[in-house]
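Novice: Got a structure for you, questions after.
The values are calculated or read from the model by the stated rules, or taken from the named source; none is laboratory data. Quick caveat, the model's predicted, so the values are computed rather than measured. Note: ideal-geometry Cβ built from the backbone for every residue, glycine included; neighbour counts use all protein chains shown.
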Amino acid sequence: MEKTLPPPAVSGGPTASIHVPRLFRLILLAVAVGFVILSSPIFGLLRGFQHYPHAIPPIANPHNRTVVLISIDGFRADYVDKGLTPHLVEHGQCGVRAEWMRPVFPTLTFPNHWALLTGLYAESHGIIANTFWDPITDAYFDYSKPERSWGAHWWLGEPIWATAERAGIRTANLMWPGPPVTSAGVAPTYFIPWRNKVPLTEKLAQINEWLALPKGQRPQLIVMYDPAVDQAGHSTGPDSPALNLTLHAVNEFARDVPKDVDVIFVSDHGMTDTSHQELIYLDDPELLDIDGASQIVHWDGWPSMGLRFSEDADVPALIERLEAYAAANPGRFRVFNASTMPERWHFNPRHNERIAPVWIVPELGWGVGVRNGGSYPVKGNHGFDNAEPSMHAMMVAGGPTFAKHNGSVVPHFQNTEIYGLVARLLGIERSRAPNNGTAGFWDDMIDA
């Protein structure tokens, strides 16, 4: 086993370590073969979400709709009302807007981006944090390192682009977090891997290039990801001038996005101000002390953290110390195990071995770490309870299919419903993979 220290809070996008040429189209034949070889057979046995037949006859999008799903990382629900994104608001005024969207727990980038694509909670799709240890394979998932995160075996469930491909619909993935190919061997027709600091104007040019392709080559589902709002929120805070500048860029992007296709803007989570964050150190004497903290062999996620202790640790005594501190200092953090984990999180170690047996979940304004774990300089953060309003995500949709709703504001909903929305828009509901969405959720809004 490898021991890991608490990761820093700044997410900065999927990874900044991949260098690739200028935006291009890539058909993933050779790459798909390589990642299938890397897939773990263990999870094919343990999970029912892994393998789907390829024999479903092509449906070929009976409605001939084109869907562009755009994720703006860290775009808090109430940013829509700041008056800085009128063109984004216009999409909703001519279509549909959710009052807000609930992210899955933990409210981190990778668990939520995979939930948006698969319709699964984190305990079902397996990406339980941005960084975590898997006790079954004795491997460590690290979002910032492709060699530790791109293997298809990590990513349980089926993303909507794979469902569409199985149904005979061409798809394109423009830097959306996730693997280039599923463990079932399905890849998007076009795939552009992550690289940092790509302006929205360049991403829009790529979308337009794809949409201009001849009918036989043109994708009818495009998924796109941008991290700039999240990065600004982390480094300067959710109410900073720098954050507002990124919102202006999003506004200009929303202005120029094609209006003749169905466009869905979503985010993965919100952001809260942590410029005056109070830190709690687990290795302090009133908590676990240095000896107790040294028995933590794996730390999963941050600021909410999953803890795994060494085999010779007195785990009940250590948990008792954590719970005693939390009870004596209310409003700082809560401690959960398999018996006390809130059902509304759909996040329990009994349902997925990757979820650590003990979790510390700080309240807003607090962070947990160790004194030798480095500094935590962020001015904005997420990863807290998904019931917190500052963690809420946004959803705005416009285009031909949504136009008849003319500015409807729908009640808040769980982000696991987005998978079903895209499937219904594309007319491929009967090809859907198992998911945690609600059957018939979109029936009254979207014609079958």
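Novice: Go through (1) under 24 Å from Ala77 (Cα atoms); (2) crowded, with 23+ Cβ neighbours inside 10 Å; (3) not polar (S, T, N, Q) for Lys197 and report which single condition fails.
Specialist: If we test Lys197 against (1) under 24 Å from Ala77 (Cα atoms); (2) crowded, with 23+ Cβ neighbours inside 10 Å; (3) not polar (S, T, N, Q), just (2) comes out false.
Novice: While we're on this one: Scanning for something assigned by TED's automatic domain parsing to the domain that holds Ile128, touching a residue at least 12 places away in the same chain (Cβ under 8 Å) and under 22 Å from Ile128 (Cα atoms), does the stretch 194-204 turn up at least one residue?
Specialist: Yes: one or more hits.
Novice: Anything in the stretch 349-379 that is over 24 Å from Tyr281 (Cα atoms) and either touching a strand residue (DSSP E or B) at 6+ places or on another chain (Cβ under 9 Å) or part of a strand (DSSP E or B) (or both)? List them, or say none.
Specialist: Pro349, Glu353, Arg354
Novice: More than 21 Å from the chain's Cα centre (by Cα), assigned to a loop (DSSP other than H, G, I, E, B) and not hydroxyl-bearing (Ser, Thr, Tyr): does that describe Leu120? Steps first, please.
Specialist: On the way: more than 21 Å from the chain's Cα centre (by Cα): no; assigned to a loop (DSSP other than H, G, I, E, B): yes; not hydroxyl-bearing (Ser, Thr, Tyr): yes.
So Leu120 does not fit the description; no.
Novice: Looking for whichever is closer than 26 Å to Asp230 by Cα and among the small types (Gly, Ala, Ser) here; the options are Gly407, Gly380. Which one fits?
Specialist: On the way: Gly407 fails: closer than 26 Å to Asp230 by Cα.
Answer to the check: Gly380.
Novice: Moving on. So how many residues does the stretch 295-309 have that are among the polar types (S, T, N, Q) and either buried (at least 24 other Cβ atoms within 10 Å of the Cβ) or at pLDDT below 95 (or both)?
Specialist: Counting residues in the stretch 295-309 that are among the polar types (S, T, N, Q) and either buried (at least 24 other Cβ atoms within 10 Å of the Cβ) or at pLDDT below 95 (or both) gives 1.
Novice: Just give me the residues in the stretch 88-108 being of a type in the set (D, E, K, R) and buried (at least 21 other Cβ atoms within 10 Å of the Cβ), in sequence order.
Specialist: Those that are of a type in the set (D, E, K, R) and buried (at least 21 other Cβ atoms within 10 Å of the Cβ): Arg97, Arg102.
Novice: Continuing with this model, one more query. Identify the residue in the stretch 123-149 that is of a type in the set (Phe, Trp, Tyr) and over 13 Å from the mean Cα position of the chain (by Cα) and, among all such residues, is farthest from Arg195 (Cα to Cα). Before the answer, list the steps.
Specialist: Kept after step one, since they are of a type in the set (Phe, Trp, Tyr), are these residues of the stretch 123-149: 132-133, 140-141, 143.
Of the ones still in play, those that are also over 13 Å from the mean Cα position of the chain (by Cα) are 132-133, 140-141.
Numbers: Phe132: 22, Trp133: 25, Tyr140: 22, Phe141: 19 Å.
Out of the qualifying residues, it is Trp133.
Novice: Among the residues in the stretch 407-421, are any in a loop (DSSP other than H, G, I, E, B) and surrounded by 18 or more Cβ atoms within 10 Å (Cβ to Cβ)?
Specialist: Scanning the stretch 407-421, I find no residue that is in a loop (DSSP other than H, G, I, E, B) and surrounded by 18 or more Cβ atoms within 10 Å (Cβ to Cβ), so the answer is no.
Novice: A follow-up question, please. Yes or no: Ser240 surrounded by fewer than 20 Cβ atoms within 10 Å (Cβ to Cβ), in the same structural domain as Phe402 (by TED's automatic domain parsing), small (Gly, Ala, Ser) and farther than 25 Å from Glu417 by Cβ?
Specialist: It is true that Ser240 is surrounded by fewer than 20 Cβ atoms within 10 Å (Cβ to Cβ), in the same structural domain as Phe402 (by TED's automatic domain parsing), small (Gly, Ala, Ser) and farther than 25 Å from Glu417 by Cβ.
Novice: Hey, another quick one. Step by step: first the residues of the stretch 149-179, then only those that are of a type in the set (Phe, Trp, Tyr) and under 17 Å from Asp134 (Cα atoms), then the one that is surrounded by the fewest Cβ atoms within 10 Å (Cβ to Cβ). Which residue is that?
Specialist: Trp150
Novice: For the list (1) surrounded by 19 or more Cβ atoms within 10 Å (Cβ to Cβ); (2) in a loop (DSSP other than H, G, I, E, B); (3) at pLDDT below 95, I need the number of the one condition that Ala448 fails.
Specialist: Of the numbered conditions (1) surrounded by 19 or more Cβ atoms within 10 Å (Cβ to Cβ); (2) in a loop (DSSP other than H, G, I, E, B); (3) at pLDDT below 95, the odd one out for Ala448 is (1).
Novice: I need every pair where a residue in the stretch 137-160 that is modelled with pLDDT under 95 has its Cβ under 9 Å from the Cβ of a residue that is outside any loop (DSSP other than H, G, I, E, B) and of a type in the set (D, E, K, R), sequence separation at least 6 or different chains.
Specialist: Arg148/Asp142; Ser149/Asp142
Novice: Within the stretch 309-332, is even one residue within 18 Å of Ala122 (Cβ to Cβ) and in contact (Cβ under 8 Å) with a residue 12 or more places away in the chain? Working first, answer last.
Specialist: At the first step, the residues of the stretch 309-332 found to be within 18 Å of Ala122 (Cβ to Cβ) are none.
Checked the stretch 309-332: no residue is within 18 Å of Ala122 (Cβ to Cβ) and in contact (Cβ under 8 Å) with a residue 12 or more places away in the chain.
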